[in-house]
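Shown next, in structure tokens, is the structure this report addresses.
The values are calculated or read from the model by the stated rules, or taken from the named source; none is laboratory data. The structure presented is a predicted model; accordingly, all values stated were derived computationally and were not measured. Quick reminder, even Gly has a Cβ in these numbers, built from the backbone with ideal geometry, and neighbours come from all protein chains shown. Each accessible area value is taken on the protein alone, full model and side chains, heavy atoms only, with ligands, DNA and RNA left out. Shrake-Rupley method; radii C 1.70, N 1.55, O 1.52, S 1.80 Å.
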Protein chains: 4
Amino acid sequence: MPKLNFALIGAGRIGQVHAANIAQSDYADLVCVADAREDVATQLAARYGARVDRAESACQADDIDAVLIASSTDTHARFCELAARANKAVLCEKPIDLDLVRADACLAAVTATGVPFGIGFNRRFDKSFSVLEAALRRGEIGQIESLSIISRDPAPPPADYIKVSGGLFRDMMIHDFDTARWLLGDEPVEVFATGSCLIDPSIGEVGDIDTAVAVLKTASGVICQISNSRRAVYGYDQRIEAFGSKGMLRAENQVPSTVETTTAEGIRRDPPEPFFLERYGDAYKSELKAFVRAVVTGDEVSPSGADGRAALALAEAAAESVKTGLPVSI
Amino acid sequence: MPKLNFALIGAGRIGQVHAANIAQSDYADLVCVADAREDVATQLAARYGARVDRAESACQADDIDAVLIASSTDTHARFCELAARANKAVLCEKPIDLDLVRADACLAAVTATGVPFGIGFNRRFDKSFSVLEAALRRGEIGQIESLSIISRDPAPPPADYIKVSGGLFRDMMIHDFDTARWLLGDEPVEVFATGSCLIDPSIGEVGDIDTAVAVLKTASGVICQISNSRRAVYGYDQRIEAFGSKGMLRAENQVPSTVETTTAEGIRRDPPEPFFLERYGDAYKSELKAFVRAVVTGDEVSPSGADGRAALALAEAAAESVKTGLPVSI
Amino acid sequence: MPKLNFALIGAGRIGQVHAANIAQSDYADLVCVADAREDVATQLAARYGARVDRAESACQADDIDAVLIASSTDTHARFCELAARANKAVLCEKPIDLDLVRADACLAAVTATGVPFGIGFNRRFDKSFSVLEAALRRGEIGQIESLSIISRDPAPPPADYIKVSGGLFRDMMIHDFDTARWLLGDEPVEVFATGSCLIDPSIGEVGDIDTAVAVLKTASGVICQISNSRRAVYGYDQRIEAFGSKGMLRAENQVPSTVETTTAEGIRRDPPEPFFLERYGDAYKSELKAFVRAVVTGDEVSPSGADGRAALALAEAAAESVKTGLPVSI
Amino acid sequence: MPKLNFALIGAGRIGQVHAANIAQSDYADLVCVADAREDVATQLAARYGARVDRAESACQADDIDAVLIASSTDTHARFCELAARANKAVLCEKPIDLDLVRADACLAAVTATGVPFGIGFNRRFDKSFSVLEAALRRGEIGQIESLSIISRDPAPPPADYIKVSGGLFRDMMIHDFDTARWLLGDEPVEVFATGSCLIDPSIGEVGDIDTAVAVLKTASGVICQISNSRRAVYGYDQRIEAFGSKGMLRAENQVPSTVETTTAEGIRRDPPEPFFLERYGDAYKSELKAFVRAVVTGDEVSPSGADGRAALALAEAAAESVKTGLPVSI
């Protein structure tokens, strides 16, 4: 596989993960790093021998094949468009934009250029979730009849972040909406969602919720439940259960070790991995590899910009459902 | 504990379970058996040295302390009233009646007599579910924030039964509504339910569904999901997951043996117990014991007639929600 | 199945288990109870409407079909002989005698009468162990190549008991020697054993050990490891692992409930059942049923007196191995 | 941490693992690669931009800080000595030599130079085994009383390899002898071993065994069992169970995914990782990191040359025990 030259936009927590993966891979080089905070960009670039640049020029530089966008959400759409118009392959962290209209405009602009365009839904590259998906496709449980997705963060983000996050559905459950679409292999036609603020009153004060359930239904009647919480004291809780005409598939949490301690108090094993850096560390590597391979071979990038759009539409519908108290048709 | 003399009304599958438990217990005697099919009653009575009687007189006989009603659903309310008016303690299989108005009338009549009155929600007496409930009460996971109940039968009943069953919510999910109320320790104020007919078209033809999800919400914002299916090819799937501010409790299925077989194909262990006779065999014994103890000590019987009524009301609301496509307030 | 009339010799802890099982079964009646402590016998007999008798006459009474011997070990051989000569079927708790010469004499005497004669090795009737054995016989793991048996008591018995117990191998590991023979389907030809006193010095003071490992080898080269401890603080640890040319079978411990509690400290589930009354409660019922069925049908009783003898011989060899420090040929 | 310049001796399967780990680490550079097969060395060196050299000069080159020896076993001792005398830190794959006398000579020579000297016992760096060891040290199960180690390869090596391997104990169980010493925290004083050829007759024909059990005992009476097989059809079986006065620790196999498939046939999950490259992939990275850190900080390297010697002595004793049929004192 020939190597792709990457520009990385955004050198924060997730940008640093991508930087390391690009630098250590056999099929990508980290050429350029940009961040609104110049010192942060400089430090990360130095670590991997990349140059520092401003985001705008990084998106368009001649020696760049692909742009990985991991900057703050409100800049995603603009950088996607810039890079696409400069004929770069684009891998953008979710979401394209918090606003569906803006996301649609971006998607149209990018699509018009014909560049490869992928959205960073990391769940699709998790080893266990991939194994579950493959088993589903092979028909190991026959026709899928219901699906349950559980997704809980270890601790709520600060209220300041909540304010600009777009709310639980656009910020957090959007991952699960993508997972649902991926596994259902069919589009939901109805969403009902309900939520509460049970964990942190300051989340409620900015108009958001921290505990939520959504129920999706496809045209063929398959039902999907998604359950989210902003705070699981035991770690990062990421599980899937698919039920079908011939059985059930469950993907359980990943744990740091296999050690069991049996004492008079019971049998104890490790709690789940603490957060996404641990749980999805390998998934980010697989995501990058799949993106590069698609770009190189000319295959369609998956998940695509359209997948990003569809998950955002579901998030918007769920938010609407909570507001009105009614199910929302898609 | 002094022994109670029981009359058993209904000698079918579940009546036979109760008969054996009464006969083998240290605290109850099976004195009398009644069934619309006289030969069935005779055979069961003979096995345990009990006499055969007509249901009406069995409910009122002088030597009877308690009446266990396990006859067909449409006869429950009448026999409850008969037995209560004859001053017998009454343990009635769920539901009191498929019709809430009729159930209310029965409950009023029985309550007026002051006799002990219990409803046979067997889940409350399952060992694992009891352990989960006790841990919840002890605060092991802090405040409950969400609850998930999965309940799947191994195979759908014949369409003939479906027709008179009252539908999935009154016949099957009613158990889960009771479990939800028991574990939440609070009353749901809203129900949203959705369902499909994915398994057996003949179920749809009589206007019922075989796959359903309900979402309940309490006044304090705790959210409960219930998922039902009429057909799990791997057996009887009965699980609970409670999530709270300090952790999570899960009650998994019971399996026949602990044997694991590891081959080149993977690690295989037993599927869940096949059906309720296996899974809830011990629960029925505990239910009987708890009922007798409450009668003897004068403690309140639990689950009570009012619990039976409340679960039925939730079932009715869920059915209404499916019909209208809207959430229903309780 | 016609019912057998039982005399029970020994009304202690294990005798009480057998009494309840006989009394509640459909295929046996508890007719007579004997115990060196007359009040103990009287109390147990009263509970099940049986008569009290002296052991000697109980073994020979006209209305008795079968004698279950659960008295102290030093009386087993004598009562076996008495009952057999009176033409009763005999089910005797292990061991026949602590002394192999005496056991052989008893076995010869009983065999001469031709009565059905079984030894109470309860492990063979444990649900999980039976499932493992059946899978082994079906060839699920091909040819067995090695076997590992773990057997640990929750707490050591008092030193007074240790003194008369015959030592760890004859008292405790004898069960595992029987399990090994049963599962290997072949006779060990060599035993190496080693042991230590690590738990309770008073056990060492009376010349016994509390921690031991034995390695058995069959003529065909299959190797079996047995590990015993007198004290597992977490309960009764009873596991088997069989390894073969096509895979591995493991029977894990039985636990009281399936509940898992996940907190910041980890995932906790129940420790194993506390002791043999809980773990082997159902096994004792299956053992009784199998014995009665064999007696009634005329099939050979299994495990037989010869099985009891063979396990005792292995225990003796293991004790010899510890004494000499050398492997012992059988 | 300053970077160490490494020469890698041996570019075969395991050498390639080390090469990748050195090249991708932040604390080591792969400067030079040597292999008896020059093309193999050239290819590996090219991949990571290292130079190719003959082993003798690579061991002594001026720009080399550390030598990692992963060549064939019969060359280990010589290269260790060469590198040590050239004042290089040395990390040598096990064993130092198949012959204890030769290993002792090498150890003496290397020790005389005072260079850091480590042996590649990868088990000590496995995540789950490390967690188990740390729990043991913290006293989570009190005083250790017994230990069980299971180690099974997926398939036997070719008979040609067996011939030069030194036999099962020196080639395979040597890892477990090291693990035993590490976990026991005390030296075995007696070894009894027994073995069979059950899998591949050609192994027996060259005088080796493919199935073996060893029992070790320390001066304080702690007992350790080790069970080896050359063929587990389900993958690489690597487990540890430590039992003590306050409980038990078990390290189970690592599995590729957490997916469980439940069908009418049972609940299936993944078999263990296929072989050591998968199971110990991360362990090799941790091993390298620990070695570099010790070299850089001047701490003692662990496991040390003396550990390598001690494990080899146990292997020799076990082989002697099988030959004589008697336990061997250390």
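Show me the helices (runs of 4 or more DSSP H) found entirely inside segment A:1-73 where at least 1 residues are β-branched (V, I, T).
Values: elements: A:13-24, A:38-48, A:55-58.
Here the list reads A:13-24, A:38-48.
Anything in segment D:74-94 that is part of a loop (DSSP other than H, G, I, E, B) and either over 16 Å from the mean Cα position of the chain (by Cα) or surrounded by fewer than 17 Cβ atoms within 10 Å (Cβ to Cβ) (or both)? List them, or say none. Walk me through how you get there before you give the answer.
Residues of segment D:74-94 that are part of a loop (DSSP other than H, G, I, E, B), as a first pass: D:86-88, D:94.
Across segment D:74-94, the qualifying residues are D:A86, D:N87, D:K88.
C:R279 - would you say it is crowded, with 21+ Cβ neighbours inside 10 Å and within 22 Å of the chain's Cα centre (by Cα)?
Working: crowded, with 21+ Cβ neighbours inside 10 Å: yes; within 22 Å of the chain's Cα centre (by Cα): yes.
Yes.
Which of the numbered conditions does C:P271 fail, given that it passes all the others? Conditions: (1) within 12 Å of another protein chain (Cβ to nearest Cβ); (2) open to solvent by 20 Å² or more (accessible area, probe 1.4 Å); (3) part of a loop (DSSP other than H, G, I, E, B); (4) under 26 Å from C:R170 (Cα atoms).
For C:P271, the exception is condition (4).
What are the residues in segment B:25-54 that are of a type in the set (G, A, S) and either open to solvent by 50 Å² or more (accessible area, probe 1.4 Å) or closer than 20 Å to B:L288 by Cα (or both), if any?
Residues satisfying the conditions are B:S25, B:A28, B:A34, B:A36, B:A45, B:A46, B:G49, B:A50.
What are the residues in segment B:119-159 that are more than 13 Å from the chain's Cα centre (by Cα) and among the hydroxyl-bearing types (S, T, Y), if any?
Selection gives B:S128, B:S130, B:S146, B:S148.
Scan segment C:220-230 for residues that are open to solvent by 10 Å² or more (accessible area, probe 1.4 Å) and either under 16 Å from the mean Cα position of the chain (by Cα) or of a type in the set (A, V, I, L, M, F, W, C) (or both) and jot them down.
C:V222, the sole residue that qualifies.
Do we find that C:S286 is touching a residue at least 40 places away in the same chain (Cβ under 8 Å), within 14 Å of chain B (Cβ to nearest Cβ) and either part of a helix (DSSP H, G or I) or of a type outside the set (A, V, I, L, M, F, W, C) (or both) in this structure? Reasoning before the result, please.
Working: touching a residue at least 40 places away in the same chain (Cβ under 8 Å): yes; within 14 Å of chain B (Cβ to nearest Cβ): yes; either part of a helix (DSSP H, G or I) or of a type outside the set (A, V, I, L, M, F, W, C) (or both): yes.
Here the answer is yes, as C:S286 does meet what is asked.
Any idea how many residues of segment A:95-115 are in contact (Cβ under 8 Å) with a residue 24 or more places away in the chain, part of a loop (DSSP other than H, G, I, E, B) and over 18 Å from A:F6 (Cβ atoms)?
Within segment A:95-115, residues that are in contact (Cβ under 8 Å) with a residue 24 or more places away in the chain, part of a loop (DSSP other than H, G, I, E, B) and over 18 Å from A:F6 (Cβ atoms) number 4.
Out of D:D160, D:D176, which single residue is buried (at least 22 other Cβ atoms within 10 Å of the Cβ) and free of Cβ contacts under 8 Å to residues at least 60 places away in the same chain? Can you show your working first?
Details: D:D160 fails: buried (at least 22 other Cβ atoms within 10 Å of the Cβ).
None of the others qualify; the one that does is D:D176.
Please go through segment A:5-26 and give me each residue that is more than 19 Å from D:N21 (Cα to Cα) and of a type outside the set (K, R), ordered by number. Lay out the reasoning, then the answer.
From segment A:5-26, those more than 19 Å from D:N21 (Cα to Cα) are A:5-16, A:18; that's our starting set.
Across segment A:5-26, the qualifying residues are A:N5, A:F6, A:A7, A:L8, A:I9, A:G10, A:A11, A:G12, A:I14, A:G15, A:Q16, A:H18.
Identify all residues within segment D:163-173 that are out of contact with any Asp or Glu (no Cβ under 6 Å at 6 or more places or on another chain) and surrounded by fewer than 20 Cβ atoms within 10 Å (Cβ to Cβ); write none if there are none.
Result: D:K163, D:V164.
Can you tell me which of B:R47, B:R13, B:R51, B:R85 is within 14 Å of chain C (Cβ to nearest Cβ) and in contact with a helix residue (DSSP H, G or I) (Cβ under 8 Å, 6 or more places away or on another chain)? It would help to see each step written out before you state the result.
Values: B:R13 fails: within 14 Å of chain C (Cβ to nearest Cβ); B:R51 fails: within 14 Å of chain C (Cβ to nearest Cβ); B:R85 fails: within 14 Å of chain C (Cβ to nearest Cβ).
Unique residue meeting the criteria: B:R47.
Does A:S151 satisfy the criteria of being touching a strand residue (DSSP E or B) at 6+ places or on another chain (Cβ under 8 Å) and polar (S, T, N, Q)? Quick ask: steps written out before the conclusion?
Details: touching a strand residue (DSSP E or B) at 6+ places or on another chain (Cβ under 8 Å): yes; polar (S, T, N, Q): yes.
Taking the combined requirement at face value, the residue satisfies it.
Within segment C:179-193, can you find the residues that are open to solvent by less than 10 Å² (accessible area, probe 1.4 Å) and over 13 Å from C:E133 (Cα atoms)?
C:P188, C:V191, C:F192, C:A193
Of (1) open to solvent by 70 Å² or more (accessible area, probe 1.4 Å); (2) within 15 Å of the chain's Cα centre (by Cα); (3) among the polar types (S, T, N, Q), C:T297 satisfies all except one. Which?
Status for C:T297: all satisfied but (2).
Filter segment B:196-207 down to residues that are open to solvent by less than 20 Å² (accessible area, probe 1.4 Å) and more than 8 Å from chain A (Cβ to nearest Cβ), then give me how many there are. Write out each step before concluding.
Here is the first cut: in segment B:196-207, the residues open to solvent by less than 20 Å² (accessible area, probe 1.4 Å) are B:196, B:203.
Filter once more, keeping what is more than 8 Å from chain A (Cβ to nearest Cβ): B:203.
Matching residues across segment B:196-207 total 1.
Restricting the search to segment B:221-244, which residues are more than 7 Å from every other protein chain (Cβ to nearest Cβ) and of a type outside the set (A, V, I, L, M)?
Once the filter is applied, which keeps residues that are more than 7 Å from every other protein chain (Cβ to nearest Cβ) and of a type outside the set (A, V, I, L, M), segment B:221-244 yields B:C224, B:N228, B:R230, B:R231, B:G235, B:Y236, B:D237, B:Q238, B:R239, B:E241, B:G244.
Results for (1) closer than 30 Å to A:D200 by Cβ; (2) among the acidic types (D, E); (3) in contact (Cβ under 8 Å) with a residue 40 or more places away in the chain, shown as yes or no for each residue.
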residue	(1), (2), (3)
B:I119	no, no, yes
B:N122	no, no, yes
B:K127	no, no, yes
B:L132	yes, no, yes
B:G142	yes, no, yes
B:I149	yes, no, yes
B:R152	no, no, yes
B:D186	yes, yes, no
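Would you confirm whether or not segment A:248-263 contains a residue that is open to solvent by 10 Å² or more (accessible area, probe 1.4 Å), within 14 Å of chain B (Cβ to nearest Cβ) and in contact with a Phe, Trp or Tyr (Cβ under 9 Å, 6 or more places away or on another chain)?
Among the residues of segment A:248-263, at least one is open to solvent by 10 Å² or more (accessible area, probe 1.4 Å), within 14 Å of chain B (Cβ to nearest Cβ) and in contact with a Phe, Trp or Tyr (Cβ under 9 Å, 6 or more places away or on another chain), which makes the answer yes.
Please go through segment D:208-219 and give me each residue that is open to solvent by 10 Å² or more (accessible area, probe 1.4 Å), farther than 18 Å from D:R152 by Cβ and more than 8 Å from chain C (Cβ to nearest Cβ), ordered by number. Let's see the steps before the verdict.
Filtering segment D:208-219 for residues open to solvent by 10 Å² or more (accessible area, probe 1.4 Å) gives D:208-209, D:217, D:219.
Of the ones still in play, those that are also farther than 18 Å from D:R152 by Cβ are D:217, D:219.
Of everything in segment D:208-219, just one residue is open to solvent by 10 Å² or more (accessible area, probe 1.4 Å), farther than 18 Å from D:R152 by Cβ and more than 8 Å from chain C (Cβ to nearest Cβ), namely D:A219.
Step by step: first the residues of segment B:113-157, then only those that are of a type in the set (V, I, T) and open to solvent by 10 Å² or more (accessible area, probe 1.4 Å), then the one that is farthest from the other protein chains (Cβ to nearest Cβ). Which residue is that?
To start, the set of residues in segment B:113-157 that are of a type in the set (V, I, T) comprises B:113, B:115, B:119, B:131, B:141, B:144, B:149-150.
Cutting the leftovers down to open to solvent by 10 Å² or more (accessible area, probe 1.4 Å) gives us B:113, B:115, B:131, B:144, B:150.
Details: B:T113: 35, B:V115: 30, B:V131: 4, B:I144: 9, B:I150: 8 Å.
Going through the qualifying residues, I end up with B:T113.
Do you know which residues across segment A:40-67 are modelled with pLDDT under 95 and touching a strand residue (DSSP E or B) at 6+ places or on another chain (Cβ under 6 Å)?
Residue satisfying the conditions is A:Y48 alone.
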